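The values are calculated or read from the model by the stated rules, or taken from the named source; none is laboratory data. From a predicted model like this one, the values you see are computed outputs, not experimental measurements. No Cβ is skipped: glycine too gets one built from the backbone with ideal geometry, and neighbour counts run over all protein chains shown. The protein model used for the area step is the full one, side chains on, heavy atoms only, and it has no ligands, DNA or RNA in it. Shrake-Rupley method; radii C 1.70, N 1.55, O 1.52, S 1.80 Å.
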Amino acid sequence: MDEFLGGSETGLVIDWTQMPTYNTIMSLAAGAGLLLLVLLGRTLHRDKQFKAEGWALSAGVLGVILTLTGAHMTLTWPFAKYFPFDNIVFGETSLGLGVLLLAAALYLWKRGDQIVAAEDRPAEVAAVAKPLGIFIFGLGLALFGIAAAGVYFQLFAAPADEPISGMFAEWPIVEAIFMSGLFALVGVGAVLFPFALNSFTATKPLNKIAKWMGGVWAVSGAAFLLFGAMNFYTHIGLIVNTMQ
């Protein structure tokens, strides 16, 4: 059986009944969600042909995925027996982003006509989003905490039996810095969010704060999207290589 599966290079065997994982779809959806928010802001500010329904459906799809998986991982303690910090790192952050996307989906769906008819659509949306700035700012600070913990405790390191990511198994700090950097980038955008809203209006160009927010979310969103897609291969490979 081991010969058919390819076996384990290091002899590592994992009891996968004690190590459930699905941060693959979570990473994919989180990356897509961040890109969606950036594109939504850009569309509101520049595109005269705004169709709220499509954006609402997109936010709703991603919000459902992140809310369900994030809530399950957050409330199941520990989700993975030997990695209980996953509940905090992946579960709670996905839950927060998922609920925010669901709120955005509901607003866009119910108030789409009002947004389209507004003289200043960006300012209309910014006025509604402003109270959420407190929570989003707090999430940004939390992401800084995750990033610091990731580097200090060298989290996120993949075992040698995982394809691609396992190439850096001897240097756990490499993946720790990479993943922590992504969380920190998202955190920068979240901390800037309340301040970026002040310039979100069609009557004047975006200020540097808004551009920085959009830039870091675009980069980190694309990275999470691509990393999550890659993990559909690497995680399957890890499971196959470490099964009994």
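Where in segment 112-156 are there helices (runs of 4 or more DSSP H), lying fully within it, with 2 or more residues that are over 16 Å from L185 (Cα atoms) and open to solvent by less than 20 Å² (accessible area, probe 1.4 Å)? Write out each step before concluding.
On the way: elements: 112-117, 121-129, 133-152.
Once the helices (runs of 4 or more DSSP H) in segment 112-156 are filtered for at least 2 residues that are over 16 Å from L185 (Cα atoms) and open to solvent by less than 20 Å² (accessible area, probe 1.4 Å), what remains is 112-117, 121-129.
Yes/no per residue for (1) over 16 Å from L35 (Cβ atoms); (2) acidic (D, E); (3) assigned to a helix (DSSP H, G or I); (4) open to solvent by less than 30 Å² (accessible area, probe 1.4 Å):
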{"residue": "A196", "(1), (2), (3), (4)": "yes, no, yes, yes"}
{"residue": "T203", "(1), (2), (3), (4)": "yes, no, no, no"}
{"residue": "G214", "(1), (2), (3), (4)": "no, no, yes, yes"}
{"residue": "V219", "(1), (2), (3), (4)": "no, no, yes, no"}
{"residue": "A223", "(1), (2), (3), (4)": "no, no, yes, yes"}
{"residue": "L226", "(1), (2), (3), (4)": "no, no, yes, no"}
{"residue": "Y233", "(1), (2), (3), (4)": "yes, no, yes, no"}
Quiz item: Tell me, which residue of segment 31-44 that is open to solvent by 20 Å² or more (accessible area, probe 1.4 Å) and within 10 Å of the chain's Cα centre (by Cα) is nearest to A218 (Cα to Cα)?
Solution: L35
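Would you confirm, using the coordinates I've provided, whether V188 is without any contact (Cβ under 8 Å) to a residue 60 or more places away in the chain, closer than 29 Å to L39 by Cβ, open to solvent by 20 Å² or more (accessible area, probe 1.4 Å) and in a helix (DSSP H, G or I)? It would help to see each step written out before you state the result.
Values: without any contact (Cβ under 8 Å) to a residue 60 or more places away in the chain: yes; closer than 29 Å to L39 by Cβ: yes; open to solvent by 20 Å² or more (accessible area, probe 1.4 Å): yes; in a helix (DSSP H, G or I): yes.
Yes: the conditions hold for V188.
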Practice problem: Output the number of the condition that T21 fails; it satisfies all remaining conditions of (1) of a type in the set (S, T, Y); (2) in contact (Cβ under 8 Å) with a residue 12 or more places away in the chain; (3) open to solvent by 70 Å² or more (accessible area, probe 1.4 Å). | Solution: (3)
Quiz item: For segment 134-152, how many residues are of a type in the set (A, V, I, L, M, F, W, C), free of Cβ contacts under 8 Å to residues at least 60 places away in the same chain and closer than 14 Å to I173 by Cα?
Solution: 3
Exercise. State whether one or more residues within segment 57-71 are modelled with pLDDT of 95 or more, farther than 25 Å from L182 by Cβ, open to solvent by 50 Å² or more (accessible area, probe 1.4 Å) and not hydroxyl-bearing (S, T, Y).
Key: yes
Practice problem: Collect the residues in segment 58-110 that are more than 25 Å from L39 (Cβ to Cβ), in contact with a Gly (Cβ under 8 Å, 6 or more places away or on another chain) and among the aromatic types (F, W, Y), keeping them in residue-number order. | Solution: F79
